[in-house]
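Have a look at the structure below, then the notes.
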Amino acid sequence: AQSVTQLDSQVPVFEEAPVELRCNYSSSVSVYLFWYVQYPNQGLQLLLKYLSGSTLVESINGFEAEFNKSQTSFHLRKPSVHISDTAEYFCAVSRTSGTYKYIFGTGTRLKVLA
Amino acid sequence: DTGVSQDPRHKITKRGQNVTFRCDPISEHNRLYWYRQTLGQGPEFLTYFQNEAQLEKSRLLSDRFSAERPKGSFSTLEIQRTEQGDSAMYLCASSLVGSSYEQYFGPGTRLTVT
């Protein structure tokens, strides 16, 4: 079975400061890794994903995440946050075969302060 | 591509009543997933369809829950004899097998059982 841990339930950060949202996973089989963002009153939107290849993946809005197999982590980073990045961020894993169902973490609420 | 849609967006019902939710996936997607999200938690997998076949059900899906996907298009999730513990956001997602394995989520149906 797989599990995902997001240790930080809330992360306050000032605008233009860097941020890191942590995600650790546990799995006995190979997994795909995802970060989703949920803005208030909106559905989950894919931010970025790791399937294979380069361990550093980037999104179009400046976020990046690095897959670290030895540490079983997939932390999300942004060098300079904006007020508009205020949202809840979910890390998820799926097996690389079968149903591809997601196992989600409990989420991290990012609050960007002016 | 109009995205995944869900109806209704909100449902308030009295304990003991039956409710039915609908999900319309992205038209060419052959996989459809239902998740449940309670306050402060990440979404939890409920069930999964490939085309019209329901291939996996979570232990969270008690016998009061039933899901269908006739003709492999839209899906319905019915909850019979609702309980207050059923209050949650019910999310639907779809994906295309053999593609990039990412799931596209609808806006969700928020159920409140009074």
**Message:** For chain B, set up a GNM with springs between Cα atoms under 10 Å and report which of B:Leu96, B:Leu39, B:Leu60 has the largest fluctuation.
**Reply:** B:Leu39
**Request:** Under a 10 Å cutoff between Cα atoms, tell me which one of A:Ser70, A:Ser52, A:Ser94 has the largest fluctuation in the Gaussian network model of chain A.
**Result:** A:Ser70
**Request:** Considering Cα pairs under 8 angstrom that are at least six residues apart, work out the relative contact order of chain B and quote it in whole percent.
**Result:** 37
**Asked** Counting partner chain Cβ atoms within 10 Å of every residue's Cβ in A:24-37, what's the average?
**Response** 1
**Message:** Using a 10 Å cut-off around each Cβ, can you sort B:Ile79, A:Ile83 from fewest to most neighbouring Cβ atoms?
**Reply:** A:Ile83, B:Ile79
**Asked** Which residue fluctuates the most in chain A, going by a Gaussian network model with Cα springs under 10 Å, if the choices are A:Val29, A:Val13, A:Val57?
**Response** A:Val29
**Message:** Take the residue pairs A:Lys49/B:Lys14; A:Lys49/A:Lys111; A:Lys78/B:Lys57; A:Lys78/B:Lys11 and return only those whose Cα atoms are more than 30 Å apart.
**Reply:** A:Lys49/B:Lys14; A:Lys78/B:Lys57; A:Lys78/B:Lys11
**Fill in**
Of every Cα-Cα pair in chain A, the percentage lying beyond 26 Å is 14
**Least to most buried among B:Lys11, A:Lys69 (fewest other Cβ within 10 Å first)** = A:Lys69, B:Lys11
**Message:** I'd like the FRET efficiency for B:Lys71 and B:Leu39, computed as 1/(1 + (r/R0)^6) with the beta carbon distance as r and R0 of 41 Å, rounded to 0.05.
**Reply:** 0.75
**Prompt:** Out of the DSSP beta bridges found with both residues in the range A:1-59, what percent are antiparallel (nearest 5)?
**Reply:** 100
**Complete:** From the Cα centre of the range A:19-90 to that of the range B:9-60, the distance in Å is 24
**Asked** Which percent, nearest 5, of DSSP beta bridges in the protein assembly as shown are antiparallel?
**Response** 90
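Rule-based calculations on the coordinates, nothing more; no lab input. The shown structure was predicted, so the numbers you read here are calculated from the model rather than taken from an experiment. Note that each Cβ is placed from the backbone with ideal geometry, even for glycine, and that neighbours are counted across all protein chains shown.
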